[in-house]
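Only one structure is covered here, and it is reproduced in the block below.
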Amino acid sequence: AYVDGRLTPLRDAHVHVEDRGLQFADALYEVTAVLNGKMLDWPHHIARLRRNCAALFIDFAMSDAALTLQARRLIAVNGQADALLYLQLSRGTAKRDHGFPANPRPTLVMTVRRFDFHQRTAQQKTGVKVITVNDMRWRRVDMKTTGLLANVLAKQDARAAGAFEAWLVAPDNTVREGGSTNAYIVKAGRLITHPLSESILPGIARATLLRLAREAQIPIDERPFSLAEALAADEALLTSTTAPLLPVVRIDENAIGTGSPGPMASRLAALVSAEITAQTGW
Ligand code: PMP
């Protein structure tokens with residue numbers, strides 16, 4: 001692990017008990033895929049982190065080049081070809097007080113943990129099941145903070161139901177996104193997904209998928225869709241760093257389309273795979 005400027009074995013990697021990430025979830029994070037030892041979409045993750053730092057007034061002085069160097073060093077010493085790089089940046093450590101401390105020094109920690117992306121290739125063939133839950137999160141989930149309790153509870157409900165993900169449904173019955181993934185449906189050849197707003201996380205995998213779909217001249221509607229519309233869709237899918245593209249074949253107890261992965265999911269999965277190969281050789 002990387003902790004505040006030092007590489008250390010994971011078992012010795014600690015932050016202070018008064019770190020504000022621990023006490024207030026006053027912290028940002030990023031998860032980046034490492035494939036063949038190479039970081040996927042890394043500049044986009046840095047850009048999102050910087051945007052969130054600005055939004056939360058976290059003064060993170062490290063340059064992009066220095067951050068990249070530290071991340072690469074950590075990946076190299078870990079020696080895992082396929083892994084997830086987890087980066088967390090808190091406002092810093094200070095005597096507990098809700099307001100910002102006078103001169104906070106942000107705490108940066110990073111870990112690299114092995115991750116099996118091949119399991120996703122298998123899930124791409126079968127498709128996955130999602131359940132639906134009420135979206136209980138706060139109103140600024142566009143910022144990637146570690147305050148994830150609502151997501152944790154949603155994911156646990158999904159796990160208990162034998163599902164891969166929980167889709168978070170707004171009071172007006174629109175589907176926002178999953179607990180840790182973005183959500184899409186396909187109707188009459190069009191790819192439909194919730195527009196960027198304060199009520200979804202702007203996923204890096206989402207941006208990649210929409211770019212690739214646009215380049216392939218697949219019609220895209222960035223608009224809210226209802227749960228009823230999702231149940232009547234031809235196909236459904238989800239994306240994230242850890243699941244670059246998975247077909248959704250069941251929502252709660254309802255089969256979507258034929259109940260098997262459809263042609264749009266296969267086409268998009270091929271585009272995403274080609275992009276990952278282009279970037280990392282995976
Ligand atoms: N939505 C939520 C709520 C998430 O937590 C994540 C993953 N962090 C995503 C979407 C997907 O984002 P990305 O494609 O950047 O992994």
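For every residue, the table says whether it meets (1) β-branched (Val, Ile, Thr); (2) away from the ligand (no atom under 16 Å from the Cβ); (3) not in a strand (DSSP E or B).
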{"position": "11", "(1), (2), (3)": "no, yes, yes"}
{"position": "17", "(1), (2), (3)": "yes, yes, yes"}
{"position": "23", "(1), (2), (3)": "no, yes, yes"}
{"position": "34", "(1), (2), (3)": "yes, no, no"}
{"position": "47", "(1), (2), (3)": "no, no, yes"}
{"position": "54", "(1), (2), (3)": "no, yes, yes"}
{"position": "61", "(1), (2), (3)": "no, yes, yes"}
Considering region 202-212 alone, what residues qualify as being in a loop (DSSP other than H, G, I, E, B) and among the small types (Gly, Ala, Ser)?
203
Tell me which residues, restricted to region 86-141, are of a type in the set (Asp, Glu) and either at pLDDT below 95 or out of contact with any strand residue (DSSP E or B) (no Cβ under 8 Å at 6 or more places or on another chain) (or both).
97, 116
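For region 166-179, check the following and say yes or no: at least one residue is in a loop (DSSP other than H, G, I, E, B), assigned by TED's automatic domain parsing to the domain that holds residue 202, of a type in the set (A, V, I, L, M) and more than 10 Å from the ligand (Cβ to nearest atom).
There is at least one residue in region 166-179 that is in a loop (DSSP other than H, G, I, E, B), assigned by TED's automatic domain parsing to the domain that holds residue 202, of a type in the set (A, V, I, L, M) and more than 10 Å from the ligand (Cβ to nearest atom).
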Residues of region 103-139 being over 30 Å from residue 5 (Cα atoms), assigned to a loop (DSSP other than H, G, I, E, B) and within 16 Å of the ligand (Cβ to nearest atom), in sequence order, are 135, 136, 137, 138, 139
If I filter region 146-164 down to residues being under 14 Å from the mean Cα position of the chain (by Cα) and within 10 Å of the ligand (Cβ to nearest atom), which single residue comes out as farthest from residue 218 (Cα to Cα)?
148
Anything in region 36-45 that is away from the ligand (no atom under 11 Å from the Cβ), surrounded by 19 or more Cβ atoms within 10 Å (Cβ to Cβ) and outside any helix (DSSP H, G or I)? List them, or say none.
39
Positions within region 193-224 being crowded, with 17+ Cβ neighbours inside 10 Å and more than 16 Å from the ligand (Cβ to nearest atom), in sequence order:
218
Just checking, does region 255-271 include any residue being part of a strand (DSSP E or B) and away from the ligand (no atom under 15 Å from the Cβ)?
yes
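The values are calculated or read from the model by the stated rules, or taken from the named source; none is laboratory data. Keep in mind the model is a prediction, meaning the values are calculated, not measured. Because the Cβ atoms are built from the backbone with ideal geometry, glycine has one as well, and the counts that use them run over all protein chains shown.
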